Amino acid sequence: MSIRRACKGDLVIIAGGDEAGRGAVLGPLVVSVVSIQKGKEGKLSRIGVRDSKMLTPRKREYLYEEITALAEDVKVYKISEAEINRAMAGGVSLNDLEALHFARLIDELGATPERIFLDSPDVISERFGIRVSLFSQKPLQVESSKRRRTKAAEGQPAEPIRVISEHKADIRYPVVSCASIIAKVTRDRELEVLESELGMSIGSGYPSDKNTIDVIKANLHNKVLGPYMRERWMTLKNIRQSRIEDFFK
């Protein structure tokens, strides 16, 4: 998916990146990067943009359309369950997989942003930004939490794109909230399509959702549901172990 509008003159562009579905056991992990003219940040707050988890589904759908109308670029990538399973089987961490696709989306941006704000999943927030910078073809430079600029690679130009990688960036920065909303709506739509294709309710796809766990237990060896499960999640290992224990009781 790519929605782009031309940047005019010397207007400053900023971008934000976030994901939806990272902790889910069913369904894709969706990553999104949104860029916008810095002067439009105020409008984002006025129309109610905030972290997607704080919004109703109806509000997210409304804001999805508003964001795509205001943004310079909206980039989205759906990391399938199969891709996640292959990566983890090959020893690639979820952080690295996510960073790789954020980097690719950043590289696809039409107008080069001055700053990119990322919601970091890493316990060391700047480390995720460095991961992204190493995968990207663009000159990215990560800022520390104390705003000291830290080079991620040698030979970078004098004015690289500044990357701010922080925990809870989806709450602090409206442009990251935009990416959060785009990713969440995209994932929700994917789950609706999946439910329609499977002919069963799968809930939110998260381990905390009883509906999701119940449908996994009922279809643990179902070849139809199997491709949409994240095989190396501890949730599945626990469910399989409990089924074995129940068998021998």
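Being over 30 Å from residue 236 (Cα atoms) and assigned by TED's automatic domain parsing to the domain that holds residue 165: is that true of residue 98 here?
So residue 98 does not fit the description; no.
Here segment 191-245 is the region considered, the condition is being assigned to a loop (DSSP other than H, G, I, E, B) and charged (D, E, K, R), and the residue that is surrounded by the fewest Cβ atoms within 10 Å (Cβ to Cβ) is 223. The set of residues from segment 116-136 being within 20 Å of residue 160 (Cα to Cα), in contact (Cβ under 8 Å) with a residue 40 or more places away in the chain and surrounded by fewer than 22 Cβ atoms within 10 Å (Cβ to Cβ) comprises just one member, 125. Any idea which residue in segment 77-104 is surrounded by the most Cβ atoms within 10 Å (Cβ to Cβ), counting only those that are in a loop (DSSP other than H, G, I, E, B) and free of Cβ contacts under 8 Å to residues at least 40 places away in the same chain? It comes out as 92.
Among the residues of segment 38-48, write down those that are free of Cβ contacts under 8 Å to residues at least 40 places away in the same chain and out of contact with any Lys or Arg (no Cβ under 9 Å at 6 or more places or on another chain). 39, 40, 42, 43, 46, 47 - these are the residues of segment 38-48 that are free of Cβ contacts under 8 Å to residues at least 40 places away in the same chain and out of contact with any Lys or Arg (no Cβ under 9 Å at 6 or more places or on another chain).
The values are calculated or read from the model by the stated rules, or taken from the named source; none is laboratory data. No experiment lies behind these values; they were computed from the predicted model shown. Counting neighbours? That spans all protein chains shown, and the Cβs are built from the backbone with ideal geometry, glycine included.
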